[in-house]
Amino acid sequence: MARTITEIQADITSTLVTELAAINITINPATWSKANLLRLITYVVAVCQWSIEQLQDIHKAEVNELIATKKPHSLRWYAEKTRAFQLGRDLVPEQDYYDNTGYAEDVVEASKVVKYAAVVRQKRLNGRIFLRIKAAATNGTDLTKLLPEQLSALTSYIDRIADAGVDIEVDSQEAEQLRLNLTIYYNPLILGANGSRLDGTDPSPVPNAIRAYLQNLPFNGLFVLAHLVDALQAVEGVEIPNLISCSMSKGELGFFSVDVEDVPDSGYLRIDDDDLVIQYLSHNQII
């Protein structure tokens, strides 16, 4: 962004004072009159530099506009635009952005109902590639799917801003569900037979660690069994976390076994109490 003439002249004057001081010449710009030759020279140079910076700003704007209209957009662009969607607002005519002039920042932020978004390339049964946009909102404590009217408005918004000819599918789903069967060998000095801490500070440290790991996964991030085991190994009192089986839901397709890693189809993963089977064995029992 171009500086003002005053800012540029101040920079030039400051440099001039420093350079002349290096060769034992002292000047005091504060005493310069309006007709002072050095003052006039720095002003003329400042105007020239200001003109150049103005032209650079204009050129940058023209280049950005050209890129926006000519260059096919990336997956990141679609994800950023999805998060920029504002419920109940119309776009600037013939543009892909909103005019928020006059709107308070908190009002604008409240209208952005999509808090998480990811875009992936997928293949249809006929072999055709399409872009799938996964979106999620929040309920204050956790991720959740968009309401039907929110998803409908988001889909219309994406249709408006998408590159011509690009096949796009927008969806927002409930969290995929995880099923785990574990044997936890524990230190009997720290944990009890039901997995709770003996000092009373945490009644369920292992389930809490599992849920914390799932909630800390990036949206549409990779779920890795080895990383889950690492998280359990870090729980104080857990000596050996033995993962017996793991499966993950895939939308309406049901549950599939996870052997090494997988990406939740909806973008995020959670586990219910009924799907978490843990057997606790004292570490003394395997010595």
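Since every read-out is calculated from the coordinates, none of them should be taken as a lab result. This structure is a prediction, so every number in the text was calculated from the model and none was measured. Glycine also receives a Cβ, built like all others from the backbone with ideal geometry; neighbour counts cover every protein chain displayed.
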message: Quick check on the exposure proxy: order Cys48, Cys246 from fewest to most C-beta atoms within 10 angstrom.
response: Cys48, Cys246
query: When the helix-only estimate is applied to the chain (DSSP H runs of n ≥ 4, each -39,500 (n - 2.57), divided by the residue count), what is the mean residue ellipticity at 222 nm, nearest 500 deg cm²/dmol?
result: -11500 deg cm²/dmol
Low-density loop cleavage sites - trypsin sites (Lys or Arg not before Pro) in the stretch 125-192, where at most 15 other Cβ are within 10 Å (DSSP): Arg128
Options Ser196, His283, Thr26, ranked by Cα towards positive dipole end of the chain, top entry (Cβ charges): Thr26
query: Which one of Gln86, Leu143, Tyr103 has its Cα pushed farthest toward the positive end of the charge dipole of the stretch 80-161, where Lys and Arg give +1 and Asp and Glu give -1 at the Cβ?
result: Leu143
- prompt: Under DSSP H, which helices of the chain have Cα atoms covering 18 Å or more of the helix axis and a Kyte-Doolittle average no less than -0.5?
  reply: 5-21, 37-70, 148-161
- prompt: the stretch 20-84: which GluC sites (Glu not before Pro) are DSSP loop and have at most 16 other beta-carbon atoms within 10 angstrom?
  reply: none
- request: Run the quick spin-label model on Thr15 and Val263: label points 7 Å from Cα toward the beta carbon, then report their separation in nm to one decimal.
  value: 4.9
- prompt: So which of Lys60/Lys112; Lys112/Lys134; Lys60/Lys115 end up more than 23 Å apart, counting from Cα to Cα?
  reply: Lys60/Lys112; Lys60/Lys115
- prompt: Out of the DSSP beta bridges found with both residues in the chain, what percent are antiparallel (nearest 5)?
  reply: 65
